[in-house]
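What follows draws every value from the coordinates through simple rules; no lab data is involved. None of these values were measured; they are calculated from a predicted model. Glycine gets a Cβ as well: all are built from the backbone with ideal geometry, and neighbour counts include every protein chain shown.
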Amino acid sequence: MGIMENPEKMKEFMCAGIASEISSLANQCLMKKRGYDLITETLLSSECNESGTPLIVTDDGTDRVLLVYKEF
């Protein structure tokens, strides 16, 4: 993450910030601590097949996927 969040590299590539999709519970906690702001979230239970079974079942206990952004 340190290389990706390097302000000099961000300027070199003319980037205003970083957007990321995060699905693991550990990364969701880490990105919050690192100052990423929530743009939107999708509950995994909202994505089901015809019989109502969730398409994605995680093994780490997360119930959502987040889209986050950090401006530099």
Compute the signed sum of charges (Lys and Arg +1, Asp and Glu -1) over the other residues within less than 13 Å, Cβ to Cβ, of Asn6. 0
FRET efficiency (Lys70, Glu50; Cβ distance; R0 30 Å; to 0.05) is 0.20
Across the alpha-carbon set of region 17-71, Rg over Rh with Rh taken as the Kirkwood radius works out to 1.05
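So what's the net charge close to Asp63: Lys and Arg +1, Asp and Glu -1, counting the other residues with Cβ under 13 Å from its Cβ?
-3
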